[in-house]
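Worksheet: the structure to be examined is printed underneath.
The values are calculated or read from the model by the stated rules, or taken from the named source; none is laboratory data. Keep in mind the model is a prediction, meaning the values are calculated, not measured. So basically every Cβ, Gly included, is an ideal-geometry build from the backbone, and we count neighbours across all protein chains shown. Remember, those area values only see protein heavy atoms, side chains included, never the ligands or the DNA or RNA. Shrake-Rupley method; radii C 1.70, N 1.55, O 1.52, S 1.80 Å.
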Amino acid sequence: MGGGTSKAETTPGNRKDPDFTRFKARVDRVYIAGLNRTYDDYVQRAARHLFKAQNFQDVIVETANVKDELLRLGIFKNLRISIDTSKSDDATKNGYTVTFAGDELSRITGNVGVEVGQNDGAATTELVTPNLFGRGERLSINLSRSYVKNSVLNMKFTKPFLHTAVGDYEPETSITLFRNASPHPWSKYRLEDNGMLFDFSFAIPSLGFSNSLQYELGMKELFALDKQTPFFVREHCGPRLVSTFRYIGQYDGRDDSVFPSNGVYVKGTTELIGSQLSQLGIVRQEMHAELNVPLFLGASLQLCGRIGAILQDKRKESLPIHQLFFPGGPQTLRGFELAGACPRRDGIAAGCQSYWATGLHLWSPLPFNQYFGGFGNLFRTHAFYNIGTCDTYTTDKLRSTAGIGIAFRMGQKARIEFNYCQPLSYEAGDRVVKGFQFGIGYEFV
């Protein structure tokens, strides 16, 4: 009562956050402790922005950024931070010392887990030697086996250049020795792939754009899957030396990679394929694009598209069946089986040299989502319409499907879809799915 200060003015809800920009500050020294086998020059560049701080708010923000960058170098298990006033003889006024104390990763680490592919899931085992030579080098051996009997064995050496003058562009090189085996039951063949892959990747962070330049040299061998494999597939069987130059470009401006409600995503892959360096007779291109627009009450509209084309110089190279496209399935055209929306020959999928597919989706949260807590955020419902065709860029031989479904988030990249599909138009011989269809993957149309 009376003229005293009102209690409402001092309640926690009315307190303002302290304004640390009012306090001048600068960083005199940065200590990075816990380095045993890591060279100093590999971590020095990560702390450069701390010395540009002009107030205590800048010190706090840049310290958090430096911690993220040090963890991204792949040498620490954890980091602890302390900020203290400078106490040395040459300490400046308003000077601070920032210390990062961490524990380096063990010389050998490993993990066992599950990996999600396109309509496939695999059990994986990985053995890693991180920070091999003291500047972030990494040697890993990976073995995986999927429920559709795909098997992968990789040995990969990676060398990052994050500590160099071009570190902002995240350059990285790698060499991979691989052995892959995968059945393709829709075309009655099995593919074994053995070879070597050289990769150089870099990013343009200001544009959100990442790039990968690759060269692959290997031996691909096709085998008949069973006695019913038709002759036109058996013609492609046997070993084949393959030399491939590949470029992968990707822009991701979405607010989420699994259930985006806003932003654009574009990914393109171009391959030059031949049996030797001087004889590249096949150009294979594929592009995926996605546009997301927020609506109301958590709903969003999504427009997706994918297009692929193969150009062939018949004088230089024949076109093996495993290089063709096989549209159809939950990732391309819902309402069709895997490879069920392409030309067929002798009762099996024969593949195509070009295709396009689009999808229009209306996404929304679960009804009464607020009553499910955080668990409800793992689900989304959608109504969709897919349309596409192959071997033409017109509306001839059009395939289309409409339906509704529910999707479940798996981690930060993949999702499971359970849809009810109603194919609206299809060609004779197509393998359609009328009713419920299950799909799992990370890139859908």
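Looking at this structure, is residue 389 more than 29 Å from residue 113 (Cα to Cα), modelled with pLDDT under 95 and in a strand (DSSP E or B)? Judged against the criteria, residue 389 is a match. Which members of segment 345-377 meet the condition of being under 30 Å from residue 232 (Cα atoms) and not in a loop (DSSP other than H, G, I, E, B)? Within segment 345-377, 345, 348, 349, 352, 354, 355, 356, 357 meet the criteria.
Residue pairs, Cβ under 6 Å, 6 or more apart or interchain, first in segment 374-386 and free of Cβ contacts under 8 Å to residues at least 60 places away in the same chain and among the small types (Gly, Ala, Ser), second open to solvent by 40 Å² or more (accessible area, probe 1.4 Å) and not in a helix (DSSP H, G or I). List them. Within 6 Å, the pairs are 383/362; 383/404. Beta carbons closer than 6 Å, at least 6 apart along the sequence or on distinct chains, pair a first residue in segment 31-42 that is farther than 13 Å from residue 99 by Cβ and open to solvent by less than 90 Å² (accessible area, probe 1.4 Å) with a second that is among the small types (Gly, Ala, Ser) and in a loop (DSSP other than H, G, I, E, B) for 37/134; 38/134.
A count restricted to segment 328-347 and to residues that are within 20 Å of residue 119 (Cα to Cα) and open to solvent by 10 Å² or more (accessible area, probe 1.4 Å) stands at 4. Looking at (1) open to solvent by less than 20 Å² (accessible area, probe 1.4 Å); (2) free of Cβ contacts under 8 Å to residues at least 40 places away in the same chain; (3) farther than 22 Å from residue 282 by Cβ; (4) not charged (D, E, K, R), which is the one condition that is false for residue 367? Just one mismatch for residue 367, condition (1). For segment 400-432, taking the residues that are over 13 Å from residue 382 (Cα atoms) and small (Gly, Ala, Ser), the one that is most open to solvent (accessible area, probe 1.4 Å) is identified as 428. Quick check on residue 174: is it open to solvent by less than 30 Å² (accessible area, probe 1.4 Å) and within 30 Å of residue 304 (Cα to Cα)? Considered against the rule, which asks whether it is open to solvent by less than 30 Å² (accessible area, probe 1.4 Å) and within 30 Å of residue 304 (Cα to Cα), residue 174 comes out as no.
Per-residue answers, yes or no, for (1) in contact with a strand residue (DSSP E or B) (Cβ under 8 Å, 6 or more places away or on another chain); (2) open to solvent by 30 Å² or more (accessible area, probe 1.4 Å); (3) closer than 25 Å to residue 351 by Cα; (4) modelled with pLDDT of 95 or more:
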position	(1), (2), (3), (4)
232	yes, no, yes, no
241	yes, yes, yes, no
248	yes, yes, yes, yes
255	yes, yes, no, no
261	yes, yes, no, no
265	yes, no, no, yes
274	yes, no, yes, no
278	no, yes, no, no
301	yes, yes, no, yes
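For the condition in contact with a Ser or Thr (Cβ under 7 Å, 6 or more places away or on another chain), within 16 Å of residue 33 (Cβ to Cβ) and open to solvent by 50 Å² or more (accessible area, probe 1.4 Å), residue 108 does not qualify.
Table: residues versus (1) open to solvent by 60 Å² or more (accessible area, probe 1.4 Å); (2) farther than 30 Å from residue 229 by Cβ.
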{"residue": "288", "(1), (2)": "no, yes"}
{"residue": "291", "(1), (2)": "yes, yes"}
{"residue": "296", "(1), (2)": "yes, yes"}
{"residue": "315", "(1), (2)": "yes, no"}
{"residue": "320", "(1), (2)": "no, no"}
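Residues that are farther than 27 Å from residue 172 by Cα, of a type in the set (Asp, Glu) and not in a strand (DSSP E or B) within segment 25-73 comprise just one, 58.
Scanning segment 378-385 for residues that are modelled with pLDDT under 95 and either touching a Lys or Arg at 6+ places or on another chain (Cβ under 6 Å) or open to solvent by less than 30 Å² (accessible area, probe 1.4 Å) (or both) turns up at least one hit. Residues that are in contact (Cβ under 8 Å) with a residue 12 or more places away in the chain, at positive phi and surrounded by 15 or more Cβ atoms within 10 Å (Cβ to Cβ) do not occur anywhere in segment 215-228. Output the residues belonging to segment 62-104 that are in contact with a helix residue (DSSP H, G or I) (Cβ under 8 Å, 6 or more places away or on another chain), buried (at least 17 other Cβ atoms within 10 Å of the Cβ) and among the β-branched types (Val, Ile, Thr). Of everything in segment 62-104, those that are in contact with a helix residue (DSSP H, G or I) (Cβ under 8 Å, 6 or more places away or on another chain), buried (at least 17 other Cβ atoms within 10 Å of the Cβ) and among the β-branched types (Val, Ile, Thr) turn out to be 63, 66, 75, 98. In this structure, is residue 358 under 23 Å from the mean Cα position of the chain (by Cα), within 24 Å of residue 270 (Cα to Cα), surrounded by 15 or more Cβ atoms within 10 Å (Cβ to Cβ) and among the polar types (S, T, N, Q)? In short, yes. From the list 134, 195, the one residue that fits, being closer than 22 Å to residue 77 by Cα, open to solvent by less than 30 Å² (accessible area, probe 1.4 Å) and not hydroxyl-bearing (Ser, Thr, Tyr), is 134. Criterion applied to 309, 341 was being more than 26 Å from residue 411 (Cβ to Cβ), of a type in the set (Gly, Ala, Ser) and assigned to a loop (DSSP other than H, G, I, E, B), and the one residue passing it is 341.
Residue 113 is checked against (1) of a type in the set (Gly, Ala, Ser); (2) closer than 26 Å to residue 431 by Cβ; (3) in a strand (DSSP E or B) and fails just one. What number does that condition carry? Of everything listed in (1) of a type in the set (Gly, Ala, Ser); (2) closer than 26 Å to residue 431 by Cβ; (3) in a strand (DSSP E or B), residue 113 misses just condition (2). Please determine whether any residue of segment 319-326 is under 21 Å from residue 424 (Cα atoms), under 23 Å from the mean Cα position of the chain (by Cα) and hydrophobic (A, V, I, L, M, F, W, C). Yes: one or more hits.
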